Each structure stands twice: as structure tokens, then as C-alpha cells.
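Student: Here you go, one structure.
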Amino acid sequence: MTEEQARGLGEYVKRLRKSKEWGVRELARRAGIDPAVVLRLESGHARQPEIGTLSSLASALEIPLVDMLAEAGQTTACGVPCIRAHLRKCYGHLPESVIREVEERVHRAASENDGA
């Protein structure tokens, strides 16, 4: 995620939290995460938030996960979560290098089959 995307995601989460009139601790409690994680995210310092964290925040804020992923820059041109987000969610135990490799292979296969 770029620095600009991280800031945008943080502002988005903060705006949603404030619209519910919750403090950072309340959002963290409802999401089941540490308040420091919320502060880091809202300040734009979380460049690679875990998919589980985004999922927990989306649930607590009562928004679709895909909306949170879109704000985090984790969707494709068609608006659905990218393969990387799916892999992190379902196969979080895999090293980041493996997730990147799988994503690259999917993109390569898609490119090779465009117009087929």
C-alpha cells in the first residue's frame, strides 16, 4: 500500500469511527484489536495492515469488507478484492514472498489469456 493509500484508509476509518461517536478504545474493543493498532492505522502509519485486522474493523464498523479493502487499495479494477487479499485472509500462514509469487502467477496467466 502506498503512503497516500495508508493515509486515505486511516482517514476513512477515523471518519467512520467518529460518525458512530466512538473513541479509539471503543472501536478497538468492538473489533477485538489493540487500540494502538487503530491509532497506527488512523494516523496512516500502517502500510500493510493485516487482512484480519481490516476484516475485524469492517465488522465492528458495520461495513462490507470489500469497502474496507477498496480503501486499502486491495481491490481489482472490477471492484472485488484482489487475489493478494484473499490469500492473506485464507492462507495467512504463508510467507509474504509466497503470496506475492502466487499473485504474480495469476496476473501472468490472466495477461497471457486476455482476448483468448
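The values are calculated or read from the model by the stated rules, or taken from the named source; none is laboratory data. Since we're looking at a predicted model, the values are computed, not measured. Heads up, the Cβs are rebuilt from the backbone with ideal geometry, glycines too, and the neighbour counts pull from every protein chain shown. Surface accessibility is based on the protein's heavy atoms, side chains included, excluding ligands, DNA and RNA. Shrake-Rupley method; radii C 1.70, N 1.55, O 1.52, S 1.80 Å.
Student: What's the total number of residues in region 27-66 that are acidic (Asp, Glu) and within 21 Å of residue 90 (Cβ to Cβ)?
Tutor: Filtering region 27-66 for residues acidic (Asp, Glu) gives 34, 42, 50, 62.
Next, only the ones that are within 21 Å of residue 90 (Cβ to Cβ) stay: 50.
Going through region 27-66 one residue at a time, the tally reaches 1.
Student: Is it fair to say residue 60 is in a helix (DSSP H, G or I) and either basic (Lys, Arg) or touching a residue at least 24 places away in the same chain (Cβ under 8 Å) (or both)?
Tutor: Details: in a helix (DSSP H, G or I): yes; either basic (Lys, Arg) or touching a residue at least 24 places away in the same chain (Cβ under 8 Å) (or both): yes.
So residue 60 fits the description; yes.
Student: Would you tally the residues in region 55-65 being more than 26 Å from residue 96 (Cα to Cα) and exposed (fewer than 14 other Cβ atoms within 10 Å of the Cβ)? Walk me through how you get there before you give the answer.
Tutor: We begin by selecting, within region 55-65, every residue more than 26 Å from residue 96 (Cα to Cα); these are 60-63.
Now drop any that are not exposed (fewer than 14 other Cβ atoms within 10 Å of the Cβ), which leaves 62.
Number of matching residues: 1.
Student: Could you check region 35-54 and list, in sequence order, the residues that are open to solvent by 30 Å² or more (accessible area, probe 1.4 Å) and either among the charged types (D, E, K, R) or assigned to a helix (DSSP H, G or I) (or both)?
Tutor: Within region 35-54, the subset open to solvent by 30 Å² or more (accessible area, probe 1.4 Å) is 35-37, 39-40, 43, 45, 47-48, 50, 52.
35, 36, 37, 39, 40, 47, 50, 52, listed by residue number.
Student: Does region 67-88 contain any residue that is out of contact with any Gly (no Cβ under 7 Å at 6 or more places or on another chain), open to solvent by 50 Å² or more (accessible area, probe 1.4 Å) and modelled with pLDDT of 90 or more?
Tutor: The answer is no, given that none of the residues of region 67-88 is out of contact with any Gly (no Cβ under 7 Å at 6 or more places or on another chain), open to solvent by 50 Å² or more (accessible area, probe 1.4 Å) and modelled with pLDDT of 90 or more.
Student: Between a residue in region 36-53 that is without any contact (Cβ under 8 Å) to a residue 40 or more places away in the chain and any residue that is surrounded by 20 or more Cβ atoms within 10 Å (Cβ to Cβ) and basic (Lys, Arg), which pairs come within a Cβ distance under 6 Å, given they are 6 or more apart or on different chains?
Tutor: If the second residue must be surrounded by 20 or more Cβ atoms within 10 Å (Cβ to Cβ) and basic (Lys, Arg), no pairs are left.
Student: I'd like the residue in region 9-35 that is within 17 Å of residue 55 (Cα to Cα) and among the small types (Gly, Ala, Ser) and, out of all such residues, is modelled with the lowest pLDDT.
Tutor: For region 9-35, the residue satisfying everything is 10.
Student: Are any residues in region 1-21 under 13 Å from residue 62 (Cα atoms) and open to solvent by less than 70 Å² (accessible area, probe 1.4 Å), and if so, which ones?
Tutor: Restricting attention to region 1-21, the residues satisfying the condition of being under 13 Å from residue 62 (Cα atoms) are 13, 16-17, 19-20.
13, 16, 17, 20 - these are the residues of region 1-21 that are under 13 Å from residue 62 (Cα atoms) and open to solvent by less than 70 Å² (accessible area, probe 1.4 Å).
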